[in-house]
Amino acid sequence: MVRSPLTGVIEEVVVADGAPVSAGAVVVVVESMKMHHEVLAPAAGVVRSLAVAAGDQVREGQALFDVEVAAVAPEEPAPPAVATGERADLARVLGRRAAILDAARGEVVARRHEAGRRTARENVADLVDDGSFSEYGGLALAAQRLRRSEADLIERTPGDGMVCGTAGVGGVACAVLSYDDTVMAGTQGLRNHRKTDRLLELAERRRLPVVLFAEGGGGRPGDTDQSELFHLMVPTFATFARLSALVPRIGIVSGPCFAGNAALLGCCDVIVATPDASIGMGGPTMIEGGGLGRFEPSEVGPVSVQAPNGVIDVVADDEAAAVGVARRLVSLLAKPLVAAPPELADQTALRELVPEDPKRVHDVRAVLDVLADPGSVVELRRAFGPGMLTALARIGGRAVGVLGNDPRHLSGAVDADGSDKAARFLQLCDAFGLPIVSLVDTPGFMVGPDSEATAMVRRCSRMFLAAATLTVPWLAVVLRRGYGLGAMAMTGGGFHAPLLTVAWPTGEFGAMGVEGAVRLAFRRELEALDDDDAREARVQELIAAVRAQSGALTMASVFEIDDVIDPADTRERLLQALSAAPPQPPPPSGRRRTLVDSW
């Protein structure tokens with residue numbers, strides 16, 4: 001006896017009493033909770049004792065019918081029918097999904113390519129690992145149904161101007177968001193914001209690094225399908241800011257990036273831009289509306305302004321290069337350790353990079369290029385505070401942050417811009433567990449009335465504050481000059497603050513530069529000499545005597561530094577020290593620091 005699997009009403013009797021039936025065929029259909037449930041014949045035979053009719057109420061377990069098994073083996077049942085046409089519901093879905101792709105937007109994509117630019121989807125595809133992109137909200141449309149047809153919205157507002165999802169980037173799971181400038185100029189609409197909020201919430205919950213393509217015009221005033229007036233209560237900006245020091249956030253911008261888009265970009269830990277980028281907290285429309293004049297987008301925050309002032313970290317040649325930099329940054333900030341490269345630069349080259357003549361400048365970047373794993377260096381904010389090198393790199397596969405003084409600018413003196421640059425960089429490295437390697441060659445902090453006019457007292461102190469609150473190890477290598485408070489700031493607060501402080505044979509130390517110290521300390525003696533040549537000869541004699549007492553070996557002999565090393569051994573010594581400080585996971589809160597300053 002076949003019984004009802006659930007309580008409901010007989011919707012249909014398919015096979016009559018006394019009629020033959022094949023195994024698995026539908027005999028009765030029961031409707032329950034607005035759903036139709038098929039009751040099947042357990043074997044081939046003849047239906048007997050059919051006890052119900054259409055419209056009858058039945059209870060779970062109630063007898064419905066029996067099947068008298070056939071005396072002879074039935075023929076093999078026919079295979080299930082195969083649909084010859086595409087289902088209408090599936091066709092609608094596939095059509096909508098195809099409509100959002102670049103292949104269906106030929107004219108729009110062609111205009112983008114004619115401008116020498118890539119589409120949002122092309123940038124995302126280049127960034128993520130093959131086959132790893134899981135898109136969110138691709139079928140969303142702009143909230144403008146009150147003034148536009150659905151067909152128009154499908155054609156002109158795919159994804160509401162945002163392509164976003166999760167993906168692998170060099171094997172690191174990330175949240176990826178790209179404003180689509182081909183959809184209403186990449187503006188932030190109602191559903192665009194909701195998609196952004198959804199991905200940022202996932203990034204916070206799952207600790208996913210974020211890569212943001214930020215091109216676009218900011219807030220959009222034309223959405224109609226909402227009850228809010230000005231959309232000032234969206235959580236997007238607070239949510240993105242809350243990710244600070246929790247996950248790396250990398251912003252990429254090519255073309256105009258204004259208002260809300262720029263606000264998100266400014267929250268990013270690292271900003272990568274192409275030469276045609278323009279970044280501003282207000283675009284041309286807002287500027288004109290404020291009565292401040294009429295400007296082209298290219299005139300508002302171009303790279304020529306935003307790189308030297310420190311807004312942009314890396315200027316890449318084009319969008320492809322920017323994506324390549326972003327992939328490297330994700331690896332450096334989210335993968336603390338990878339396999340060491342099989343080949344390195346010849347470390348003996350370090351012996352010649354700092355001249356023996358103490359007055360001759362050198363290129364600190366050349367030193368880093370030899371020390372670091374090949375191809376691993378990404379320098380940040382090169383055009384801003386040029387006397388201070390800040391770079392991410394790997395040494396022996398270990399991701400590190402590198403500080404360095406560039407003696408070609410202000411002779412390596414640490415000025416206000418360099419202090420800001422270094423302090424913020426220290427926060428970034430600490431937030432993501434990167435040890436600091438400091439390459440020191442400085443006469444100290446920049447001094448003088450002009451320097452003090454830049455708020456030097458406050459700004460230089462940021463280096464001490466940032467260093468004192470670090471949780472990551474600090475390693476210092478004095479390449480040449482280690483003078484005064486500037487050298488102490490470059491070594492994390494003092495020469496014994498780092499995990500290791502070593503000097504090259506060219507190292508020299510003091511409270512200030514040797515020549516200046518001599519001329520001040522021996523001023524009266526020197527002024528008593530009437531002959532200029534005799535005076536200068538005496539100066540050089542005193543300088544030589546002081547320099548002999550301020551050299552690296554003397555400093556090591558009184559244990560003010562840990563060692564004086566062969567420059568060719570620098571990399572090995574750094575790795576030996578780092579082996580005593582292996583990478584540590586972040587605390588349960590996920591944060592080593594409260595935040596990383598935007599500046």
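The values are calculated or read from the model by the stated rules, or taken from the named source; none is laboratory data. Values in this document were obtained by computation on a predicted structure and should not be read as measured data. Here the Cβ is made from the backbone with ideal geometry for all residues, glycine too, and neighbour counts use every protein chain on show. Just the protein is used for accessible areas: all its heavy atoms, side chains included, with ligands, DNA and RNA removed. Shrake-Rupley method; radii C 1.70, N 1.55, O 1.52, S 1.80 Å.
Computed extension gain for ARG360 through GLN549, at 0.36 nm per residue and net of the alpha carbon distance, reaches 66.0 nm. Taking 30 Å as the straight-line reach from the Cα of LYS421, the lysines in range (excluding those fewer than 8 positions away in the same chain) are LYS335, LYS359.
Rank these residues by their accessible area, most exposed first, probe 1.4 Å: LEU380, LEU94.
LEU94, LEU380
Here the spin labels are modelled as points 7 Å beyond Cα on the Cα-Cβ line, and at LEU575 and ASP197 they lie 5.0 nm apart.
Once all protein chains are placed together, ARG97 keeps about 130 Å² accessible to a 1.4 angstrom probe. Orientation-averaged projection of segment 417-496 equals 4.8 nm² [convex hull of Cα atoms, one quarter of hull surface area]. Using the Cβ-Cβ distance between SER49 and ALA88 with R0 set to 45 Å, the FRET efficiency from 1/(1 + (r/R0)^6) comes to roughly 0.65. The slack between ALA521 and ARG351, meaning 0.36 nm per residue of separation minus the straight C-alpha distance, is 57.9 nm. Across the protein chains, with a 1.4 Å probe defining accessible surface, the residues ASP373, ASP357 rank ASP357, ASP373 from largest area downward.
Computed from Cα atoms, the angle from the helix 319-334 axis to the main principal axis of the chain rounds to 80 degrees. Probing with 1.4 Å while keeping every protein chain in the model, the per residue accessible area of the chain equals 47 Å². Here segment 442-599 carries DSSP beta bridges of which approximately 10% are antiparallel, counting only pairs with both residues inside.
Looking at segment 379-510 only, what percent of DSSP beta bridges run antiparallel? Nearest 5 please.
Counting only bridges with both partners in segment 379-510, antiparallel ones make up about 35 percent.
With r defined as the distance between the Cβ atoms of ARG294 and ARG408 and R0 fixed at 45 Å, what FRET efficiency is calculated, to the nearest 0.05? Here the calculated transfer efficiency is 0.65. For a modelled paramagnetic label at ARG145, 7 Å from Cα along Cα-to-Cβ, the residues of segment 175-197 in reach, with backbone nitrogen under 16 Å, are 190-192. Shape analysis of the chain based on the Cα gyration tensor places the equivalent ellipsoid semi-axes at 70, 30, 19 Å, largest first.
Summary value for the chain: 8 percent relative contact order, contacts being C-alpha pairs under 8 angstrom separated by 6+ residues.
Distance between the modelled labels on ARG205 and ALA19, one decimal in nanometres: 5.0 nm (7 Å Cα→Cβ projection). SER598 exposes around 80 Å² of accessible area when a 1.4 Å probe is run over every protein chain in place. Expressed as a whole percent, the accessible surface of the chain that belongs to carbon and sulfur atoms is 56, based on a 1.4 Å probe.
Using equal-weight Cα scatterers in the Debye expression, the normalised intensity of segment 245-388 in log10 at q = 0.11, 0.15, 0.17 Å⁻¹ is -0.55, -0.87, -1.01. Could you work out how far helix 416-431 tilts from the main Cα principal axis of the chain, as a 0 to 90 degree angle to the nearest 10? With rounding to tens, the tilt is 40 degrees. The calculated pair-distance distribution of segment 1-63 uses every alpha carbon pair, bins of 10 angstrom beginning at 0, and gives 24, 59, 17, 0 percent.
Reducing segment 495-571 and segment 340-377 to their Cα centroids gives an inter-centroid distance of 24 Å. Between ASP56 and ARG156, the simple spin-label model (points 7 angstrom out along Cα→Cβ) gives 6.0 nm. Each 10 Å bin from zero up to the one holding the largest Cα-Cα distance in segment 191-329 carries the following percent of pairs: 12, 39, 35, 13, 1. With R₀ set to 22 Å, the beta-carbon distance separating ASP597 from THR454 gives a calculated FRET efficiency near 0.80.
Derived scalar couplings between HN and Hα for segment 392-397 equal 9, 7, 10, 10, x, x Hz in order, rounded to whole Hz, by the Karplus curve 6.51 cos²θ - 1.76 cosθ + 1.60 (θ = phi - 60°), x for Gly and Pro.
The length gained by stretching the chain between ARG97 and HIS37 to full extension, at 0.36 nm per residue less their Cα-Cα distance, is 18.4 nm. Charged neighbours of ASP373, selected by a Cβ distance under 10 Å, balance to +2 (K, R count +1; D, E count -1).
P(r) tail, segment 199-264: Cα-Cα pairs separated by more than 17 Å, 49% of all pairs. Charge tally for HIS36 (other residues, Cβ to Cβ under 11 Å; Lys, Arg +1; Asp, Glu -1): -3. List the aspartates and glutamates whose Cα sits under 15 Å from the Cα of LYS34, skipping any in the same chain fewer than 8 residues away. Counting by Cα, and skipping residues close in sequence, LYS34 has these aspartates and glutamates nearby: GLU11, GLU12.
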